[in-house]
Amino acid sequence: MTHVHVIGAGLSGLSAALSLTAAGRTVTVHEAGSAAGGRCRSYFDKELGLRIDNGNHLLLSGNRAARAYIAEVGAENAFETAKRAVFPFMDLKTGERWSVRPNSGRIPWWVLTAGRRVPETRLSDYLGMARIVRIRDDTPVADSMRRGRLYWRLLEPIAVAALNTSSQEGLARLLGAVMRETLLRGGKACRAMLPKEGLSEGLIHPAVATLQGRGAEVRLNSRIADMTIEGGRITALRGPEGVIAVGPDDAVVLAVPPWVAADLLPGLIAPDAFEAILNIHYRYAADPGGPLGKTGFIGLTSGTAEWLFKKPGHVSVTISAANNMVDDAARAIASLVWPNVVDALGLPASAKETLPAYRVVKEKRATFTATARQEVRRPAGRTAHASNLALAGDWTDTGLPATIEGAIRSGRSAADVVLTL
Ligand SMILES: Cc1cc2nc3c(=O)[nH]c(=O)nc-3n(C[C@H](O)[C@H](O)[C@H](O)COP(=O)(O)OP(=O)(O)OC[C@H]3O[C@@H](n4cnc5c(N)ncnc54)[C@H](O)[C@@H]3O)c2cc1C
């Protein structure tokens, strides 16, 4: 292969391009947007007067493909990696606070130590939770273990965040795949990695710079509207400036969201049901000595807000599996959620009266729904649609839910497909 066209500069496209340039291929990345990053990006918000991320993203030290990617683009210093695994929580109804603190090694002695586990839980609950990694069928998360305190105060919040799907529908086996690579490997694989500045500074700009340094071209505002397939091969792409010939030795990596891929490749079976994620950013400088000071985030149960993150000059709430709220007015959402933030930050109740400047970011098709019906629609990277084409994206058959880790792995596998053509 002489020249590889990568369509889409999200994490899957960027990681494919990294592998391909490392293997000496000439690469052009075509990105429809005016910036790279796709569903994982930062931008300046005029309303807040701040740079924000489209959504809070949590990486864990057990996300090995993501860590290798960060190392490859020289961005380790752009992340704050926690020294220890600590997951602070608060119940918004009762006001109780607790922290789950897995010990570093693989032998999980932390489940025997009251101060490290969810209060009023039993060893048998943890054994039940660990059995989830053995589930291979279509059991939903809600039926994967006893629905006691451990379920409501740890598993359910983590499952909704990881799968972006309600626990009644979300597949336990996809959650199990995440747990196998994190919680089951011990606390050393569960340390939070948060971007110091923003997602683009941590994951996107350094990748684009690395690619450019290796001679790749990253074309922005370059939407590919059509692909010509002749004789079982892609022979041309149509971009904003006209037809781009794809030579007999050239290849294409299609790294776009599933609905775009299905448009460009008629007949492709791909996920077709999606869940929204809401992020509500409030201009508020959280006290470094306060509840977000040590870890930078907190999990919230029994309220509307699910996770709260400390960001430069603002605090930011995530609500996953948010299809039922996403069409509500931004002001209504921001006003509903702000009292949860006040409680989580331990501020006086009077602070609930004054809504700070806010921005509600609605990612309507944030991820595919992690259900059995969608799981069978996830295609492999190698495709019969064209012999010089590979598919990438968090929605391909990665064995993981739609995550940064899955997106990066899909890009690496798509590059492997192209390199073996
Ligand atoms: C709000 C939110 C919060 C999230 N939180 C987490 C988290 O905490 N942890 C985690 O691991 N993951 C999280 N995720 C998921 C993660 O962001 C995604 O899995 C990942 O970014 C997907 O990357 P991708 O390359 O597969 O797709 P995308 O990022 O969608 O990239 C596809 C790219 O293709 C471009 N494109 C589309 N059409 C065309 C075309 N015709 N021609 C050229 N280019 C085109 C798009 O503009 C886009 O840049 C979150 C996602 C969202 C939205």
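A few remarks follow.
- Filtered by the rule that a residue be farther than 15 Å from F87 by Cβ and surrounded by fewer than 23 Cβ atoms within 10 Å (Cβ to Cβ), the stretch 152-167 gives S166, S167.
- Residue identified as of a type in the set (D, E, K, R), within 24 Å of the chain's Cα centre (by Cα) and within 30 Å of S387 (Cβ to Cβ) among R238, R233, R223, R214: R223
- Exactly one residue out of L199, L220, L211, L175 is surrounded by fewer than 17 Cβ atoms within 10 Å (Cβ to Cβ), touching a Ser or Thr at 6+ places or on another chain (Cβ under 8 Å) and on the phi < 0 side of the Ramachandran plot: that is L220.
- The strands (runs of 3 or more DSSP E) found wholly in the stretch 176-265 and carrying at least 2 residues that are in contact (Cβ under 8 Å) with a residue 24 or more places away in the chain occupy 192-195, 217-219, 226-230, 233-239, 251-254.
- Test: residue in the stretch 99-110 that is over 29 Å from R67 (Cβ atoms) and of a type outside the set (S, T, Y): no
- Looking only at the stretch 29-54, and only at residues there that are surrounded by fewer than 20 Cβ atoms within 10 Å (Cβ to Cβ) and small (G, A, S), the one that is farthest from H5 (Cα to Cα): G49
Okay, residues lined up against (1) outside any loop (DSSP other than H, G, I, E, B); (2) within 25 Å of the chain's Cα centre (by Cα); (3) more than 12 Å from the ligand (Cβ to nearest atom); (4) not hydroxyl-bearing (S, T, Y):
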{"position": "P339", "(1), (2), (3), (4)": "yes, no, yes, yes"}
{"position": "I408", "(1), (2), (3), (4)": "yes, yes, no, yes"}
{"position": "A414", "(1), (2), (3), (4)": "yes, yes, no, yes"}
{"position": "V417", "(1), (2), (3), (4)": "yes, yes, yes, yes"}
{"position": "L421", "(1), (2), (3), (4)": "no, no, yes, yes"}
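- Odd one out for K46 among (1) of a type in the set (D, E, K, R); (2) closer than 28 Å to A261 by Cβ; (3) away from the ligand (no atom under 16 Å from the Cβ): (2)
- From the list D45, D125, the one residue that fits, being among the acidic types (D, E) and free of Cβ contacts under 8 Å to residues at least 40 places away in the same chain, is D125.
- Matching residues in the stretch 345-389 - criterion: being more than 19 Å from the chain's Cα centre (by Cα), among the aliphatic types (A, V, I, L, M) and buried (at least 18 other Cβ atoms within 10 Å of the Cβ): L345, A386, L389
This table checks each residue for (1) surrounded by fewer than 17 Cβ atoms within 10 Å (Cβ to Cβ); (2) at pLDDT 95 or above; (3) closer than 16 Å to G148 by Cα; (4) not assigned by TED's automatic domain parsing to the domain that holds L20.
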| residue | (1), (2), (3), (4) |
| --- | --- |
| A68 | yes, yes, no, yes |
| A71 | yes, yes, no, yes |
| R106 | yes, no, no, yes |
| W109 | yes, yes, no, yes |
| R116 | no, yes, no, yes |
| L127 | yes, yes, yes, yes |
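- Complete set of residues in the stretch 308-325 that are more than 14 Å from N340 (Cβ to Cβ) and in a strand (DSSP E or B): K310, K311, H314
- Restricting the stretch 397-406 to residues that are within 8 Å of the ligand (Cβ to nearest atom) and assigned to a loop (DSSP other than H, G, I, E, B), the residue that is surrounded by the most Cβ atoms within 10 Å (Cβ to Cβ): A402
The values are calculated or read from the model by the stated rules, or taken from the named source; none is laboratory data. Values in this document were obtained by computation on a predicted structure and should not be read as measured data. Please note: Cβ atoms are built from the backbone with ideal geometry, for glycine as well, and neighbour counts cover all protein chains shown.
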